[in-house]
């Protein structure tokens, strides 16, 4: 009889192309993973992997078997979730990937609160501005900004109305003045960051339904969006950021919204999962909790409130270090 754990190790070994890497994920020895694959191959009567000293790849039979193994595991997980759905205690390990800025400043305290409400649940959090692959990376769910036409995964909305805004610190505006138009940004220092393996230097906004794009430039660039936010707070330039990432800074007076009559490009926030049948009780509860938090943060923008009219706590930005 095929073992459940052997199936899981087969899928991870196929995805990672290595018994050793698959073993490290689950704290096993490479030999234990190899033995599991041999048991599975003996049960099926075929070779699933072509092995050499330098590579590991699926055989033709392994390629044929792979989707059936995936479906079998999903069905077993669905049945497990069904019979345990009404239990008050959520258990297991939940692996979450998120963007750096959102993850550090917003998600982290929310996850801490969520974990306290479900003490039997273990959380593993991965923060990076590189887009997590929910099929290959060791994550259960990923939080992503932006739209996607990819139909291979399910995206649950967290903040569908979130948009980008232009922001700068009072100190920067005192030194360089406030841009009067989108085109005036070419005369200013703009803060650049990497977005999906490219430099985000084409900033788009809508004015009365007409889309305008401006090419920006500046001496500072980072692959970490949190660094760009800190540069903006420190007065180093103008940033184009998700409203959710800078809302607290705007409310506290550390940043000011520029050209508020322009509508920034949409930056909807989603919780991404490989397949709807993989929505465990923990994932469903996490989605509900994050959706509630995001609704509070995005309420100002969704109501169309002018960002310049938001209350300012302090007129002087506090010192910021990178």
(message) Give me the base-10 log of I(q)/I(0) for region 4-84 at each q in 0.12, 0.14, 0.18, 0.20 Å⁻¹, Debye formula, one uniform scatterer per Cα, rounded to two decimals.
(response) -0.34, -0.46, -0.73, -0.88
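In what sequence, highest mean first, do 204-215, 236-247 appear when ranked by Cβ atoms within 10 angstrom? Before the final figure, lay out the partial values.
On the way: 204-215: 12.1, 236-247: 24.9.
Peptide ranking by packing, descending: 236-247, 204-215.
Quick one: if the Förster radius is 25 Å, what FRET efficiency do residue 123 and residue 223 give, using the C-beta to C-beta distance and rounding to 0.05?
Here the calculated transfer efficiency is 0.50.
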(message) What whole-number distance in Å separates the alpha-carbon centres of region 214-236 and region 7-60?
(response) 44 Å
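A short reminder: the numbers here are calculations on the coordinates, not readings from a lab. Fair warning: this is a prediction, and the values are worked out from it, not measured in the lab. FYI the Cβ positions are ideal-geometry reconstructions off the backbone, even for glycines, and counts take in every protein chain you see.
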